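Visitor: First the structure, which I've put down as structure tokens, then a few questions once you've had a look.
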Amino acid sequence: MFDRIRISPSILSSDFMNLEREVRSCEEAGADWLHVDVMDGHFVPNLTIGVPVESQLASIARIPLDVHLMISNPLVQLPWFLTCKPAVVTVHWEALGRDGASAVDDAREVVRIVHEAGSKAGIALKPDTPVDVLAPTIDAWDMVLVMSVFPGFSGQSYIPESAERVGRVAALARAAGTAPLIQVDGGMNATTAAYVGAQGADVIVAGNGIFKADDRAAAIEGIRCSAERSRSAAKEA
Ligand code: DX5
Ligand code: ZN
């Protein structure tokens, strides 16, 4: 677990005509990571950015890239997204185990490919995927991403059961003697960050909650402080 809860602004909510300016604005506002939402129009209905934009972001960003792959064929496309050496690459559990393969075998292969490229490996769960699917591979991941909205679009409302799911991931990891980072993504603001902070979230992704705020530095600090305060309160309780 990080001492400090990390904030990763989702570039999907930014002004795409001025991406470099938007990246600098996040850096100056105190963002820890930059969250890059890749959607293929198949795994999710939306289509966003691909490798050319990802690699250009990587070439200018001064903070680590946190790439969230919402794609149907991660084993095929993962190597492309690893070329620019992002700090973390996350794939979806629901995209593994297709075409008759075992999801657990696919998961181990994803981790191998990502680690071989020198990046950290994350696994994401949609809100209706049981947390227990992670039991056989929980020791393999550097990060678990608990989606607090159904992936596809920014600006959705936080699903209330998500905090409890964060707690279940933390408990599953603890029982297995491991401690991957726990990331939460979707509908995050100072209010919802408190719910997930209390349950063990380490990294909070926010799109509209940061990019649509008048003061992005205040929005980032608001989310961070709220999550950290509720984490401390939960520890003392
Ligand atoms: C949803 C994406 C999120 C989203 C976050 O599919 O993975 O990263 O853009 O946006 P907000 O914080 O606005 O829900
Ligand atoms: Zn995301």
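The values are calculated or read from the model by the stated rules, or taken from the named source; none is laboratory data. Note that the structure is a prediction, hence the values are computed from the model and not measured. Please note: Cβ atoms are built from the backbone with ideal geometry, for glycine as well, and neighbour counts cover all protein chains shown. The accessibility values were calculated without ligands, DNA or RNA, using every heavy atom of the protein model including side chains. Shrake-Rupley method; radii C 1.70, N 1.55, O 1.52, S 1.80 Å.
Visitor: Mean-square fluctuation check for the chain, GNM, Cα pairs under 10 Å: which of Gln199, Gln77, Gln183 is largest?
Guide: With Cα springs under 10 Å in the chain, the top fluctuation among Gln199, Gln77, Gln183 is at Gln77.
Visitor: Can you give the extra length, in nm with one decimal, that the chain gains between Ser102 and Arg62 once fully stretched, where that is 0.36 nm per residue apart less the Cα-Cα distance?
Guide: Details: separation 40, 0.36 × 40 = 14.40 nm, distance 3.78 nm.
Full extension from Ser102 to Arg62 adds 10.6 nm.
Visitor: In whole Hz and in residue order, list the ³J(HN,Hα) couplings for the range 159-168 that follow from phi through the Karplus curve 6.51 cos²θ - 1.76 cosθ + 1.60, θ = phi - 60°; x for Gly and Pro.
Guide: Whole-Hz 3J(HN,Hα) from phi for the range 159-168: 8, x, 5, 4, 4, 4, 5, 4, x, 5.
Visitor: Would you look at the GNM of the chain, springs on alpha carbons closer than 10 Å, and say which of Met39, Met17, Met147 moves the most?
Guide: Met17
Visitor: Can you give the log10 of the normalised intensity I(q)/I(0) at q = 0.11 Å⁻¹, computed with Debye over equal Cα scatterers of the range 69-188?
Guide: -0.34
Visitor: Right, another one. Using modelled amide H (1.01 Å from N, peptide plane; none on Pro or chain starts), what sits under 5 Å from the amide H of Ile7, excluding residues fewer than 5 places away?
Guide: Asp32, Trp33, Ile204
Visitor: Quick one: pull the percent of accessible area on the chain belonging to carbon and sulfur, 1.4 Å probe, ligands and nucleic acids left out.
Guide: Numbers: 5240 of 10080 Å².
Ligands and nucleic acids excluded, carbon and sulfur reach 52 percent.
Visitor: Using Cα springs under 10 Å in a Gaussian network model of the chain, which residue among Glu116, Glu27, Glu54 shows the largest mean-square fluctuation?
Guide: Between Glu116, Glu27, Glu54, it is Glu116 that shows the largest mean-square fluctuation.
Visitor: If the chain between Arg112 and Asp139 were fully stretched, how many nm would it gain, using 0.36 nm times the residue separation less the Cα-Cα distance?
Guide: Numbers: separation 27, 0.36 × 27 = 9.72 nm, distance 1.30 nm.
Once the chain is fully extended between Arg112 and Asp139, it gains 8.4 nm.
Visitor: Over the chain, give the accessible area per residue in Å² for a 1.4 Å probe, as an integer. Could the numbers behind the result be given before it?
Guide: Numbers: 10080 Å² over 237 residues.
I get 43 Å² per residue for this part.
Visitor: Considering only the range 1-109, what is the antiparallel percent among its DSSP beta bridges, to the nearest 5? Spell out each step's value before the answer.
Guide: Details: 1 of 11 bridges.
The antiparallel proportion sits near 10 percent.
Visitor: Further question on the same structure: Work out the FRET efficiency for Thr178 and Glu236 from their Cβ-Cβ distance, taking R0 = 35 Å, and round it to the nearest 0.05. Intermediate values should be presented prior to the final figure.
Guide: On the way: r = 25 Å, r/R0 = 0.71.
The formula returns an efficiency of 0.90 here.
Visitor: How would Ser59, Ser148 rank on accessible area, largest to smallest, probe 1.4 Å?
Guide: Numbers: Ser59 90, Ser148 0 Å².
Descending order: Ser59, Ser148.
Visitor: Something else: Kindly give the semi-axes, whole Å and largest first, of the ellipsoid equivalent to the range 141-226, taking each as the square root of 5 times a Cα gyration tensor eigenvalue. Provide the component values of the computation, followed by the final result.
Guide: Details: eigenvalues 107, 35, 22 Å².
For the range 141-226, the semi-axes come out at 23, 13, 11 Å.
Visitor: Just to confirm the filter: which trypsin sites (Lys or Arg not before Pro) across the range 75-125 are DSSP coil and have at most 15 other Cβ within 10 angstrom of their Cβ? Walk me through the numbers before you get to the answer.
Guide: Details: sites: Arg98, Arg108, Arg112, Lys120; in loops: Arg98.
Here the trypsin sites (Lys or Arg not before Pro) that fit, given the DSSP loop and packing criteria, are Arg98.
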